[in-house]
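Q: Pasting a structure here, questions to come.
The values are calculated or read from the model by the stated rules, or taken from the named source; none is laboratory data. Quantities reported herein were computed from a predicted structural model and do not represent experimental measurements. As a convention, Cβ positions derive from the backbone with ideal geometry for all residues, glycine included, and neighbour counts pool all protein chains shown. Keep in mind that these areas ignore ligands, DNA and RNA; they rest on the heavy atoms of the full protein, side chains included. Shrake-Rupley method; radii C 1.70, N 1.55, O 1.52, S 1.80 Å.
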Amino acid sequence: MLIDLLNHRRAVRHYSDQPIDADTVRACLEQASLAPSSSNMQLYQFIHVTDAATLQALATACLGQQSATTAQQMVVFVTRQDLSRERARAVMALEADNIRRTSPPEKQEKRLANNRAYYGKFLPFMYARCFGLLGVLRKLLFGAVSLFRPLYTDCSEADMRVVVHKSCALAAQTFMLAMSEAGYDTCPLEGLDSRRVKRTLGLPRGAEINMIVSCGIRKEGHGIWGERHRLPFAEVYRRV
């Protein structure tokens, strides 16, 4: 049951020496790719690290945290907003095929035109970056229109960067739950030197590190640091 997976998943700080199966981790990453993604753009990349030297370099980049130095494997979740035009073309082609196969013939042309406008023009404009200037233009344009009707206005370059990282984080969370189902443990790491990580992995300038998830099997008596603490639910829940 899902509640069992949620209760089992903890941020493990110390892994045992017991190895884990790389093919199982890869399968969990395939499940992670099923996570929801904004406009189905999937602007992320999963880098599965099993090489000992690379693991050591990443542990150093993760500031020597024990959950990194004892990890059997790691997965680096990377955002790829720099691939937005390429991914938009791929999704546009996929959606066009879906429309032709599943839409009523009399509605296909209009839906195909909407698809071309959305993925061919609108999304490339939304994800484009130019030292913040395009974000300012979008803010002004959308803000003016929103005075007359509801409209999405979180469209600055910083806003769109957040959108990309949210989709990547959803995939990371799905991966951690899949790993829990497989009987493996994980720990999401954000305390890291992203420049060192990118240099170690040979990532391009436009890529960004969302998080690193260390993987292994918790060491009994050392892996979990105390009982799980959560705020009283009434402090985070509001019904309207």
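Q: Mind counting the residues in segment 43-73 that are hydroxyl-bearing (Ser, Thr, Tyr), within 16 Å of Ala22 (Cα to Cα) and open to solvent by 70 Å² or more (accessible area, probe 1.4 Å)?
A: Number of matching residues: 1.
Q: Pairs needed: first member in segment 29-40, part of a loop (DSSP other than H, G, I, E, B); second member anywhere, among the small types (Gly, Ala, Ser); C-beta distance under 8 Å; at least 6 residues apart or different chains.
A: Final answer for the pair search is Ser33/Ala171; Ala35/Ser167; Ala35/Ala171; Pro36/Ser167; Ser37/Ser167; Ser37/Ala171.
Q: State which residue is surrounded by the most Cβ atoms within 10 Å (Cβ to Cβ) when the search covers only segment 195-240 and only residues that are touching a residue at least 40 places away in the same chain (Cβ under 8 Å) and part of a helix (DSSP H, G or I).
A: Of everything passing the filter in segment 195-240, Val197 is surrounded by the most Cβ atoms within 10 Å (Cβ to Cβ).
Q: Quick check, is Gln65 at pLDDT 95 or above and touching a Leu at 6+ places or on another chain (Cβ under 7 Å)?
A: yes
Q: Could I ask something else about it? Given the condition within 23 Å of Ala53 (Cβ to Cβ), at pLDDT 95 or above and small (Gly, Ala, Ser), answer yes or no: does some residue in segment 192-205 qualify?
A: There is at least one residue in segment 192-205 that is within 23 Å of Ala53 (Cβ to Cβ), at pLDDT 95 or above and small (Gly, Ala, Ser).
Q: Considering only residues of segment 176-194 that are farther than 14 Å from His8 by Cα and not polar (S, T, N, Q), which is most open to solvent (accessible area, probe 1.4 Å)?
A: Among those residues, the one meeting the criterion is Glu190.
Q: Further question: Any residue at all in segment 5-16 that's touching a Pro at 6+ places or on another chain (Cβ under 9 Å) and closer than 30 Å to Arg230 by Cβ?
A: Checked against the condition, which is being touching a Pro at 6+ places or on another chain (Cβ under 9 Å) and closer than 30 Å to Arg230 by Cβ, segment 5-16 yields at least one hit.
Q: Given the structure, is Ala32 among the small types (Gly, Ala, Ser), surrounded by fewer than 19 Cβ atoms within 10 Å (Cβ to Cβ) and under 20 Å from Leu203 (Cβ atoms)?
A: Here the answer is no, as Ala32 does not meet what is asked.
Q: Can you confirm whether Arg9 is closer than 30 Å to Val162 by Cβ, in contact with a His (Cβ under 8 Å, 6 or more places away or on another chain) and in the same structural domain as Pro204 (by the TED database)?
A: For Arg9, the condition - closer than 30 Å to Val162 by Cβ, in contact with a His (Cβ under 8 Å, 6 or more places away or on another chain) and in the same structural domain as Pro204 (by the TED database) - is not met.
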